[in-house]
Amino acid sequence: MRIVCVGGGPAGLYFGLLMKKLHPQHEITVVERNQPFDTFGWGVVFSDATMAAMRTWDPESAVEIETAFNHWDDIEVLFKGTRQRTTGHGFVGIGRKQLLNILQRRCMRLGVELAFNQEATGDLDFPEADLVVASDGLNSRIRNRYADVFQPDLVVRPNRYIWLGTKKLYDAFTFDFRRTEHGWFQAHIYRFDAETSTFIVETTEEAYQAHGLDRLDQQSSIDFCQRLFAEVLGGAPLMTNARHLRGSAWLNFTRLICGKWSHFNGASHVVLMGDAAHTAHFAIGSGTKLAIDDAIELARQFEAHGHAAEKIPVVLADYEEVRRVDVARIQNAARNAMEWFEVVGRRYADQLEPEQFMYSMLTRSQRISHENLRLRDRNWLEGYERWFARRAGLTVADHERCVSPMFTPFEVRGVKLANRIIVSPMAMYSAEDGLIGDFHLVHLGARAMGGAGLVFAEMTCVSPDARITPGCLGLWNEAQAAQWRRLVDYIHGHSAAKVGVQLGHAGRKGSTKLAWEGIDQPLEQGGWPLISASALPYLSQGPIPRAMDRSDMDRVAADFVRATELAASTGADWLELHCAHGYLLSSFLSPLTNWREDEYGGGHENRARYPLEVFRAIRAVWPAGKPISVRLSCHDWTEGGNTPEDAAIFASMFKAAGADLIDCSSGQVSKEERPVYGRLFQTPFSDKIRNEIGVATIAVGAISEADHANSILAAGRADLCAIARPHLADASWTLHEAAKIGLVSIGWPKQYYAAKGQYEANLARAAAGK
Ligand SMILES: Cc1cc2nc3c(=O)[nH]c(=O)nc-3n(C[C@H](O)[C@H](O)[C@H](O)COP(=O)(O)OP(=O)(O)OC[C@H]3O[C@@H](n4cnc5c(N)ncnc54)[C@H](O)[C@@H]3O)c2cc1C
Ligand SMILES: Cc1cc2nc3c(=O)[nH]c(=O)nc-3n(C[C@H](O)[C@H](O)[C@H](O)COP(=O)(O)O)c2cc1C
């Protein structure tokens, strides 16, 4: 076959050499517009996994690369006058020039033709080629020519960065965060050869503009960075090797995803590779790794299907299918890490103490969890756990293993939770006349004995017509309060758990069948009229609610107040106002369901007016020593609906009105919603609200292991974690998770004590067997 790689970066060179090595009969040319030693950039970092693959596919170049590598294990963070270090992170770095030179030499030795100083106008320059590899980088001309086929989706990210170098050598991957009068700047620093370190400086567009960096030439920008990072530079100058860039050398990162990766141009097959196909932000330094992995996969597909021109279509299809998955995974992690650096100034740097800031930074991509950090650097992690536990009020001796973050207490107003795990409210549709029955006593009692710090019963409705279904709990009369009292007394008497009451009104989602008889389906008999912010049905063919007038508002607010007074009389510890999931109060907050033209519709203040009226009314009658949380749908997942930005505005309003915590849920407001599910998928909302608004939060949603909860809490992404479905599967979720992470100091109910040691020993045996 005749193969032309347009672009002699890591992707083009590595693919060229692999193919020539595997099948020397191929005629392979790499066309590169630059000189062999002319390259922009400094060092790049690799993972151990990519290096292992390179060792398998071409040991000759791998040995040379590994010899040239700089390996380091430590990460050091300079922040607010502190210098913190952790180990076990295992990176390798190499100069980009050096890497390219090794690959160039290897290509030449194998007989790959390298055509330097040759600018290709596109794939049609090579009509005789069977395969043209578009390895021409982010600004790929070839990809742009066939934009309608490749469907590139390019997003220019808001932060600015400048890629510099220095002769000062660092023995750790170093991050330095500096505050100026206009905002935060961060430097990402790592050594990559015997004399040089990469020094990338990043900041927000606002800080960049405010310092006038857009108007400075390169040297003045370098002078600015030198002054700002003088301490970490220790007098060493910063250098650029991008003198060819005119004007400001500050760039924006562009995120690229392509809808398709290959195309037949009538003469040759064309395939995208490396940065031409996708990009991953330097925050997790994976661009070169992805380029090399692409090259390996395409070569592997030729090995699998045969090195023949007629196999090219199937090879390209399989290459794209395999690589797409891995690339998406890395891009996700890179996006998390990139976003962390984009918001670090306004969200974390001013708010968090250095210890927690460091933890938050280390876990920024959300690929590294709490237990993963323990594997990397047990001493550091245990030191951090002690710090966290002391902040939570525990007395812990140095060098003593202490409980992990989820088992630290949390105190708000006069209520102290023994740990940070909540049984999230879950409708059970098993009540008659709104009464707590034996089912609830056993169900909730078991979960309280299962170790959670706070047990919520399901949404408890403030009037008969506030119910979702005839099976929902209610609190509108003394009989109901009496049954609640029985439950609260049982839980207080037999566990350390506190009891939470979630008050709500179903609004337009009311008068429906029990979940197992048809979720959201209107009752055929015995239903009741619906009210909502506006006269809009939940289901397109469903019953139309009446838009509430002032007298409805007064009546419902009074119902909430009565329910709160009854709840207070039961001795329950915690109240939550349900303003999420499309129910009555949520229907005011969302523009999808609130089309009102009076002072209760329109902007944020108007949409929040009625939910806040209700909140203030219940706050006035709920005991001052007990907290109230507010559950919000922090994302409607629907075009035109609320987004996390809107949720943050509402959160600040509830905070100002006296809410103690925001319980950060999402969705269920519109049937048109398109949620993006995944592990911890709602935690970013909690993170944003907690750290930007400065209010305590509850994270909820797809948190299913202690490791998840500990990672969230330790990083300060939430104060508490609510666990719903896992608690249906396992009433003792909290106790079992403690045992799974080896925390044997967590007490079990005295009646069950005989099982504790056996359970822990079985787990230990299973782990040892692995
Ligand atoms: C600030 C910064 C830091 C980074 N840090 C890291 C890191 O630490 N680790 C990491 O792995 N990655 C890092 N990267 C990303 C990395 O540089 C790229 O992802 C990687 O080089 C992609 O390889 P590639 O071969 O696809 O493209 P490139 O390396 O961009 O190579 C494309 C080549 O094509 C040539 N070319 C383009 N058009 C033509 C044409 N028409 N004719 C002939 N030649 C052409 C170009 O001259 C270039 O040599 C970083 C990037 C930036 C911006
Ligand atoms: C059966 C069931 C009933 C639920 N009922 C309620 C409810 O009454 N009030 C509420 O705010 N959320 C309710 N939810 C949502 C949960 O509290 C929680 O937010 C959601 O299930 C995500 O958490 P998970 O991934 O841990 O299950 C319910 C969830 C389930 C599975």
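The values are calculated or read from the model by the stated rules, or taken from the named source; none is laboratory data. Predicted model, so just to flag it, every value in this text is computed and none were measured. Here Cβ is always computed from backbone atoms with ideal geometry, including for glycine, and neighbour counts include all displayed protein chains. Note: areas computed on protein heavy atoms with side chains; ligands, DNA, RNA excluded. Shrake-Rupley method; radii C 1.70, N 1.55, O 1.52, S 1.80 Å.
Which ranges mark the strands (runs of 3 or more DSSP E) fully within the stretch 385-469 that have 1 or more residues being in contact (Cβ under 8 Å) with a residue 40 or more places away in the chain and more than 30 Å from Ser369 (Cα to Cα)?
454-461
Restricting attention to the stretch 435-452, and to residues there that are within 27 Å of Gln682 (Cα to Cα) and buried (at least 24 other Cβ atoms within 10 Å of the Cβ), which single residue is farthest from ligand 1 (Cβ to nearest atom)?
Across the stretch 435-452, the extreme among qualifying residues is Leu444.
Please identify the pairs in which a residue from the stretch 211-229 that is within 15 Å of Arg178 (Cα to Cα) has its Cβ atom under 8 Å from the Cβ atom of a residue that is open to solvent by 60 Å² or more (accessible area, probe 1.4 Å), counting only partners at least 6 apart or on another chain.
Listed pairs, sorted by first residue: His211/His182; Gln226/Pro237.
Look at the stretch 281-290 and say how many of its residues are more than 6 Å from ligand 1 (Cβ to nearest atom) and either assigned to a helix (DSSP H, G or I) or modelled with pLDDT of 95 or more (or both).
Number of matching residues: 3.
Would you be able to tell me the number of residues in the stretch 624-635 that are open to solvent by 10 Å² or more (accessible area, probe 1.4 Å) and in contact with a Leu (Cβ under 9 Å, 6 or more places away or on another chain)?
3
Condition check: open to solvent by 40 Å² or more (accessible area, probe 1.4 Å) and either at pLDDT below 95 or not hydrophobic (A, V, I, L, M, F, W, C) (or both). Does Gln541 satisfy that?
yes
Could you pull out the residue among Val314, Val343 that is part of a helix (DSSP H, G or I) and either within 30 Å of Ala267 (Cα to Cα) or modelled with pLDDT under 95 (or both)?
Val314
Do we have Glu432 as out of contact with any strand residue (DSSP E or B) (no Cβ under 6 Å at 6 or more places or on another chain), open to solvent by 30 Å² or more (accessible area, probe 1.4 Å) and at pLDDT 95 or above here?
Here the answer is yes, as Glu432 does meet what is asked.
For the stretch 636-658, enumerate the residues that are hydrophobic (A, V, I, L, M, F, W, C), in a loop (DSSP other than H, G, I, E, B) and open to solvent by less than 10 Å² (accessible area, probe 1.4 Å).
none
Taking the residues in the stretch 161-199 that are closer than 21 Å to Met358 by Cα, among the charged types (D, E, K, R) and in contact (Cβ under 8 Å) with a residue 60 or more places away in the chain as candidates, determine which candidate is least open to solvent (accessible area, probe 1.4 Å).
Asp176
Which condition breaks for Ala699 when tested against (1) touching a strand residue (DSSP E or B) at 6+ places or on another chain (Cβ under 6 Å); (2) touching a residue at least 40 places away in the same chain (Cβ under 8 Å); (3) closer than 23 Å to Glu458 by Cβ?
Failed condition: (2).
Run down Asp730, Asp719 and say which single residue is open to solvent by 20 Å² or more (accessible area, probe 1.4 Å), touching a residue at least 24 places away in the same chain (Cβ under 8 Å) and of a type in the set (Asp, Glu).
Asp730
Taking the stretch 736-770 on its own, how many of its residues are hydroxyl-bearing (Ser, Thr, Tyr), without any contact (Cβ under 8 Å) to a residue 24 or more places away in the chain and loosely packed, with under 12 Cβ neighbours inside 10 Å?
Counting residues in the stretch 736-770 that are hydroxyl-bearing (Ser, Thr, Tyr), without any contact (Cβ under 8 Å) to a residue 24 or more places away in the chain and loosely packed, with under 12 Cβ neighbours inside 10 Å gives 1.
Counting only residues that are touching a residue at least 60 places away in the same chain (Cβ under 8 Å), away from ligand 2 (no atom under 16 Å from the Cβ) and of a type in the set (Ser, Thr, Tyr), give me the helices (runs of 4 or more DSSP H) lying completely in the stretch 7-85 with at least 1 of them.
10-22, 48-57
Out of the stretch 94-133, which residues are farther than 18 Å from Ala291 by Cβ, surrounded by fewer than 18 Cβ atoms within 10 Å (Cβ to Cβ) and within 13 Å of ligand 1 (Cβ to nearest atom)?
Hits for the stretch 94-133 are Ala115, Phe116, Asn117, Gln118, Glu119, Thr121, Leu124, Asp125.
All but one of (1) among the small types (Gly, Ala, Ser); (2) away from ligand 1 (no atom under 16 Å from the Cβ); (3) crowded, with 20+ Cβ neighbours inside 10 Å hold for Ala308, so report the exception by its number.
Only one criterion in (1) among the small types (Gly, Ala, Ser); (2) away from ligand 1 (no atom under 16 Å from the Cβ); (3) crowded, with 20+ Cβ neighbours inside 10 Å is unmet by Ala308, namely (3).
Just to be sure before I move on: is Asp136 part of a loop (DSSP other than H, G, I, E, B) and within 11 Å of ligand 1 (Cβ to nearest atom) in the structure I sent?
When the stated conditions are applied, Asp136 passes them.
Condition first: in contact with a Lys or Arg (Cβ under 7 Å, 6 or more places away or on another chain) and more than 8 Å from ligand 1 (Cβ to nearest atom). Now tell me which residues in the stretch 269-280 satisfy that.
Answer for the stretch 269-280, where residues must be in contact with a Lys or Arg (Cβ under 7 Å, 6 or more places away or on another chain) and more than 8 Å from ligand 1 (Cβ to nearest atom): just Leu272.
Among (1) under 30 Å from His89 (Cβ atoms); (2) surrounded by 15 or more Cβ atoms within 10 Å (Cβ to Cβ), there is one condition Ser140 misses while meeting the rest; what is its number?
For Ser140, the failing item is (1).
Pull up the stretch 659-685, narrow it to residues that are away from ligand 2 (no atom under 15 Å from the Cβ) and among the acidic types (Asp, Glu), then point me to the one that is surrounded by the fewest Cβ atoms within 10 Å (Cβ to Cβ).
The selected residue is Glu672.
Can you list the helices (runs of 4 or more DSSP H) lying wholly within the stretch 506-603 that have 2 or more residues being without any contact (Cβ under 8 Å) to a residue 60 or more places away in the chain and away from ligand 2 (no atom under 16 Å from the Cβ)?
Once the helices (runs of 4 or more DSSP H) in the stretch 506-603 are filtered for at least 2 residues that are without any contact (Cβ under 8 Å) to a residue 60 or more places away in the chain and away from ligand 2 (no atom under 16 Å from the Cβ), what remains is 550-569.
Considering only the stretch 472-487, state which residues are over 19 Å from Pro425 (Cα atoms) and part of a helix (DSSP H, G or I).
Glu478, Ala479, Ala482
Taking the options Thr67, Thr29, name whichever one is open to solvent by 10 Å² or more (accessible area, probe 1.4 Å), touching a Cys at 6+ places or on another chain (Cβ under 8 Å) and among the hydroxyl-bearing types (Ser, Thr, Tyr).
Going through Thr67, Thr29 in turn, just one is open to solvent by 10 Å² or more (accessible area, probe 1.4 Å), touching a Cys at 6+ places or on another chain (Cβ under 8 Å) and among the hydroxyl-bearing types (Ser, Thr, Tyr): Thr29.
Would you point out the residue of the stretch 408-427, among those that are of a type in the set (A, V, I, L, M, F, W, C) and closer than 19 Å to Tyr490 by Cα, that is most open to solvent (accessible area, probe 1.4 Å)?
So, considering only residues that are of a type in the set (A, V, I, L, M, F, W, C) and closer than 19 Å to Tyr490 by Cα, the one most open to solvent (accessible area, probe 1.4 Å) is Ala418.
Would you confirm, using the coordinates I've provided, whether Gly602 is at pLDDT 95 or above and open to solvent by 40 Å² or more (accessible area, probe 1.4 Å)?
Criteria met by Gly602.
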